[in-house]
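Chemist: Please read through the structure below; I'll follow up with questions.
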Amino acid sequence: MSRHPEIKWAQRVDKVFVTVQLPDSKMRKWTLLPDGVFTFSATAGAGNNLYELNLPLFDKVNVEESKINVGVRSIFCVVQKAEEEWWKRLLKAEGKPPHYVKVDWDKWVDEDEDAGPGGDLDLGGMDLSQFGGMGGDDAVGDDFDDFDYEGQEVSNPEKEEGDDKEGGSAVGKEAARALLKKLLRAHNVVCSS
């Protein structure tokens, strides 16, 4: 007799996130049909127990745009909906879902908070540290204009000159300090050393 792995799910207007929680699974097989049927089977555990799922989803899906990622502890699926609309529930059947189907509160967003298709903050592995040195006098941009800095004081609790225990260059720190003061003065911030 087969067992059922725990399923966690959440949705957006255009997709459903389904996570199959099955650590150290082997011999994994899954299918996703356009009419919204998701099947999964794998073995796991010390006795290589068989785990199976047959989930008739609430509505039709776009199989070509859906993605799956198999990890060591779980299988994560991004199921693209055929139509952009909120589903009332994950499964087609009405009533209480099976005990192994649970809401994934870590990924859940309410319908009125959803930013729509592509509204998720997905940086796609982008390394934001590369945006640090854009250069130029206008590198800070207009963001400082939205805040009133006038009359605020910024103190400098730096160590005495030449006392550099962190291994940095005193000349580099001095240049950075001078640049910071220049930027702050440009935006009417009072600096004291």
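The values are calculated or read from the model by the stated rules, or taken from the named source; none is laboratory data. Bear in mind that the values here come from a model prediction, so they are computed numbers and not experimental data. Every residue, glycine as well, gets a Cβ built from its backbone with ideal geometry; the counts of neighbours run over all protein chains shown. Note: areas computed on protein heavy atoms with side chains; ligands, DNA, RNA excluded. Shrake-Rupley method; radii C 1.70, N 1.55, O 1.52, S 1.80 Å.
Chemist: Where Lys and Arg each count +1 and Asp and Glu each count -1, what net charge lies around K81 among other residues with Cβ under 12 Å from its Cβ?
Modeler: It works out to a net charge of -3.
Chemist: Leaving out same-chain residues fewer than 8 places away, which lysines sit with a Cα under 17 Å from that of K26?
Modeler: Filter leaves no residues.
Chemist: Might you work out the accessible area of K60 for me, using a 1.4 Å probe with all protein chains in place, and round it to the nearest 10 Å²?
Modeler: Ignoring ligands and nucleic acids, K60 comes out at about 120 Å².
Chemist: A follow-up question, please. Using a 1.4 Å probe and ignoring any ligands, DNA or RNA, find the accessible area of W30 and quote it in Å² to the nearest 10.
Modeler: 100
Chemist: Identify the residues of region 12-45 with backbone N under 19 Å of a label point that sits 7 angstrom from the Cα of V72 along the Cα-to-Cβ direction, or state none.
Modeler: 20-28, 43-45
Chemist: So for the pair D24, N54, with labels modelled 7 Å out along Cα→Cβ, what separation do we get in nm?
Modeler: Label at D24, label at N54, 3.0 nm between them.
Chemist: Run the accessible area of region 1-87 with a 1.4 Å probe and give the carbon-and-sulfur part as a rounded percent.
Modeler: 50
Chemist: Taking 0.36 nm per residue of separation and subtracting the Cα-Cα distance, what length does fully extending T43 through E85 add?
Modeler: This chain segment gains 11.7 nm when fully extended.
Chemist: Separate question: From largest accessible area down, sort D14, D106; use a 1.4 Å probe on the protein chains.
Modeler: D106, D14
Chemist: Not counting ligands, DNA or RNA, and with a 1.4 Å probe, what is R89's accessible surface area in Å² rounded to the nearest 10?
Modeler: Per-residue accessible area (R89): approximately 60 Å².
Chemist: Placing one identical point scatterer on every Cα of region 53-112 and ignoring solvent, what is log10 I(q)/I(0) from the Debye formula at q = 0.21 Å⁻¹?
Modeler: -1.14
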